[in-house]
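Below is one structure; the comments refer to it alone.
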Amino acid sequence: MFGKELPKIQTLTPQVSEEKKLASETEKVVSEKELLMAEQAYRQGAASILDLISPTSFKVAPNYLQLGGKWTRTVFVTTYPRYIDVGWFEPIIDFSATLDIAMYFYPMESKIILKQLRDKVGVLEAQLSGDAEKGAPRDPHTETALRDIEQLRDDLTQGVEHFFHFGLYITMYADNQKDLNLLTERIESLIGSKMVYSRRAYWQAEQGFNSTLPMALDQLSVGFNMQSSPCASSFPFVSAELSSDSGVLYGINRHNNSLILFDRFSLQNANSVVFATSGAGKSYAIKLEVLRSLMLGTDVIVIDPEREYQYLAEAVGGTYVNISLNSDSKINPFDLPKPMDEETSTGDIIRSAVITLKGLLRIMIGEVSHVEDSVLDRALLETYAKKDITPDTNLLVEGVQFPIMSDLQEVLANMEGGDLLAQKLDKYTNGTFAGLLNYPTNVDVNNQLVVYSVRDLEDELRPMAIYTIVNYIWNKVRSVLKKRILVIDEAWWLMQHEDSAKFIFALVKRCRKYYLGVTTITQDVNDFLASPYGQAILNNSALQFLLKQTASAIDVVSNTFRLTQGEKYLLLESGVGEGIFFAGAKHAAIKIVASYTEDQIITSDPRQILEIEEAKKEFDASLGEEQK
């Protein structure tokens, strides 16, 4: 019985299984269709990248595109001259307008080019031969073309050159059609000034726009056949060369590894400014310049706020002057310069000194009224007269004694309206600060390198001490004409007071006549540039160093120096001794490099300094044992 019923079971089972399978597939299709419809509905309500970057409207015209509120047009280069300079395309890249630039390089087989050049040579030689047989005059164009082709054949055969089909497209953007036409004419004029011929993409505006998008789609396919060298001349990344036949090696050009060798005295002025954050290597860079300038015979004077130049001064046999309340080295602010020629009168020198001294006194005692200013003016003239220094005095005669601060206080005490001013000066003559400005000058600065240290001075005294030192240096500069560099480290101290800032600005503006270059160093960029005199000092400095900057200062620096986004990123991410070097209208990315010996002399790294000191102690100890 089971044997009879078994076939029935076998015949029924496949039919039921097929129906279930069909129903399952139907449900699956319906489910997938519902899922696709749900996904489609979801995508219609979700924003994609294309939705975010797409224009609100798109209009294609024969010679322009309108993308929303922007008008665009594309031009392409068709012909180049026989010779073209490297960097010819840089004025277009640096043009102050919104541009999209695309370059397409299609390599070509050398054997194909060589075959075509060989055929061309045959045609030209036959033409020249035919002209010679006919007695026709020589054709310079044909002869030149033949020489160029022969030279190109040699270069291709030797692998010196390669051949490319090169396409260069420029898309311009403007807010209206009138501005677009003007922009197009200016770009075409710039390109045409290099003897390069360009055309507008008529009836291919959309293709031209697409070809300059960052999608590598060359829909114009318009180019020019040329070898590697002229192709490379159009390459956009061109770095300025700052190498000259003489001068100081400042560092290495980070773009092309060339030497940045420059003579600061060859510019319209020899002044420089250095902006950098703490630890960026600004003192290291300047000490390296000082060391190399000394080897070229330039006198260098340094105002050192942190005793960073002491080891350098000792290593080269310079003079190191420590200015402090308890120091034996003194500088008298009443000193007068010796006239450089007979035309300079003593009266003019005294008047200039009185103006400078009034600036110093305002730093010392604070603001003064107009009446007090007049009292100070008369008192200073009488103070000099007390020492027999009048407009008739010959300052070149030996033995002229200059007054000191106590003499001024005594004159003020005996003048009507001068009692209060005399009392304010008392702390600088008899009080706590009496050891700073109330003594005759006794420092010996007859040396090629002179360093003035103000590290041991209180913060309150630093501005007036630096002011006095700079004035003393200025007097020496005006007395003897020599090639000099003055380094003012942490110059923001002087920017805190209007009188000292004004004095430094006047110094920077006038120093060129006396063969002096002033180097102004600061790490507080915001405070320095916030002062109108700080900006004026920058404008009168032809040489500029920008090393690593902080995020809080980079915007001020970028706006001041008109940096690109790439240069801003470079300054934010630079390592120690890296930055941007400006010399006149040129600038380049720089890396400061020094030899091992130079590094040992100028280093500011505490670890290296300790190692050097320990090595010196070991050497002295071993030397002492040998002597025993």
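The values are calculated or read from the model by the stated rules, or taken from the named source; none is laboratory data. Keep in mind the model is a prediction, meaning the values are calculated, not measured. Using ideal geometry, Cβ is built from the backbone for each residue, glycine included, and neighbour counts are taken over all protein chains shown.
Of the residues contained in segment 566-580, one or more are found to be on the phi < 0 side of the Ramachandran plot and touching a Lys or Arg at 6+ places or on another chain (Cβ under 6 Å).
So, P339, is that one over 24 Å from the mean Cα position of the chain (by Cα), modelled with pLDDT of 85 or more and not in a helix (DSSP H, G or I) or not? Show your work before the answer.
Numbers: over 24 Å from the mean Cα position of the chain (by Cα): yes; modelled with pLDDT of 85 or more: no; not in a helix (DSSP H, G or I): yes.
Criteria not met by P339.
In segment 104-112, is there at least one residue being touching a residue at least 40 places away in the same chain (Cβ under 8 Å), over 26 Å from L217 (Cβ atoms) and surrounded by 12 or more Cβ atoms within 10 Å (Cβ to Cβ)? Within segment 104-112, one or more residues are touching a residue at least 40 places away in the same chain (Cβ under 8 Å), over 26 Å from L217 (Cβ atoms) and surrounded by 12 or more Cβ atoms within 10 Å (Cβ to Cβ).
If you check A501 against the conditions, is it within 28 Å of the chain's Cα centre (by Cα) and small (G, A, S)? Against the criterion (within 28 Å of the chain's Cα centre (by Cα) and small (G, A, S)), A501 qualifies. Of the set (1) at negative phi; (2) under 14 Å from the mean Cα position of the chain (by Cα); (3) crowded, with 17+ Cβ neighbours inside 10 Å, all apply to I602 but (2).
Can you tell me which residue among E314, E289, E306 is at pLDDT below 90, touching a Phe, Trp or Tyr at 6+ places or on another chain (Cβ under 8 Å) and closer than 30 Å to G577 by Cα? Can you show your working first?
Details: E289 fails: at pLDDT below 90; E306 fails: touching a Phe, Trp or Tyr at 6+ places or on another chain (Cβ under 8 Å).
So the residue among E314, E289, E306 that is at pLDDT below 90, touching a Phe, Trp or Tyr at 6+ places or on another chain (Cβ under 8 Å) and closer than 30 Å to G577 by Cα is E314.
I'd like the full set of residues that are outside any loop (DSSP other than H, G, I, E, B) and without any contact (Cβ under 8 Å) to a residue 24 or more places away in the chain, limited to segment 576-593.
Let us first name the residues in segment 576-593 that are outside any loop (DSSP other than H, G, I, E, B), namely 578-583, 586-591.
Within segment 576-593, none qualify.
The residues of segment 260-297 that are closer than 9 Å to V248 by Cβ and not in a helix (DSSP H, G or I), listed by number, are L261, F262, D263, L296.
Any chance segment 369-381 includes a residue that's among the β-branched types (V, I, T) and either touching a residue at least 12 places away in the same chain (Cβ under 8 Å) or in a helix (DSSP H, G or I) (or both)? Give the derivation first.
Initial filter on segment 369-381 (among the β-branched types (V, I, T)): 371, 375.
Within this subset, residues satisfying the condition of being either touching a residue at least 12 places away in the same chain (Cβ under 8 Å) or in a helix (DSSP H, G or I) (or both) are 371, 375.
Yes, because at least one residue in segment 369-381 is among the β-branched types (V, I, T) and either touching a residue at least 12 places away in the same chain (Cβ under 8 Å) or in a helix (DSSP H, G or I) (or both).
Could you list, in sequence order, the residues of segment 121-137 that are in a helix (DSSP H, G or I) and over 58 Å from the mean Cα position of the chain (by Cα)? The answer is S129, G130, D131, A132, E133, K134. Taken together, the criteria exclude D388 from residues that are touching a helix residue (DSSP H, G or I) at 6+ places or on another chain (Cβ under 8 Å) and not assigned by TED's automatic domain parsing to the domain that holds V248. Residues in segment 394-422 that are within 51 Å of the chain's Cα centre (by Cα) and not in a helix (DSSP H, G or I): N394, L395, L396, V397, E398, G399, V400, Q401, F402, P403, I404, G418. Selection over segment 31-67 of residues that are more than 38 Å from the chain's Cα centre (by Cα), over 30 Å from V196 (Cβ atoms) and not basic (K, R) gives a count of 21. With (1) out of contact with any helix residue (DSSP H, G or I) (no Cβ under 7 Å at 6 or more places or on another chain); (2) free of Cβ contacts under 8 Å to residues at least 40 places away in the same chain; (3) buried (at least 18 other Cβ atoms within 10 Å of the Cβ); (4) not basic (K, R) as the list, and L412 as the residue in question, which single condition is left unmet? Against the list (1) out of contact with any helix residue (DSSP H, G or I) (no Cβ under 7 Å at 6 or more places or on another chain); (2) free of Cβ contacts under 8 Å to residues at least 40 places away in the same chain; (3) buried (at least 18 other Cβ atoms within 10 Å of the Cβ); (4) not basic (K, R), L412 comes up short only on (1).
Before we move on, is A536 out of contact with any helix residue (DSSP H, G or I) (no Cβ under 7 Å at 6 or more places or on another chain), surrounded by 17 or more Cβ atoms within 10 Å (Cβ to Cβ) and at negative phi? Let's see the steps before the verdict.
Working: out of contact with any helix residue (DSSP H, G or I) (no Cβ under 7 Å at 6 or more places or on another chain): no; surrounded by 17 or more Cβ atoms within 10 Å (Cβ to Cβ): yes; at negative phi: yes.
In short, no.
Filtering segment 234-251 to residues that are surrounded by 18 or more Cβ atoms within 10 Å (Cβ to Cβ) and either out of contact with any strand residue (DSSP E or B) (no Cβ under 8 Å at 6 or more places or on another chain) or modelled with pLDDT of 75 or more (or both) leaves S234, G247, V248, Y250, G251. Listed by first and then second residue, the pairs with beta-carbon distance under 6 Å, at least 6 apart or on different chains, first residue in segment 266-279 and within 9 Å of V518 (Cα to Cα), second surrounded by 24 or more Cβ atoms within 10 Å (Cβ to Cβ), are A270/G517; N271/V508; N271/G517; N271/V518; S272/T519; V273/T520.
Give the residues of segment 155-210 that are among the aromatic types (F, W, Y), touching a Leu at 6+ places or on another chain (Cβ under 7 Å) and part of a strand (DSSP E or B), sorted by residue number. F163, Y169, listed by residue number.
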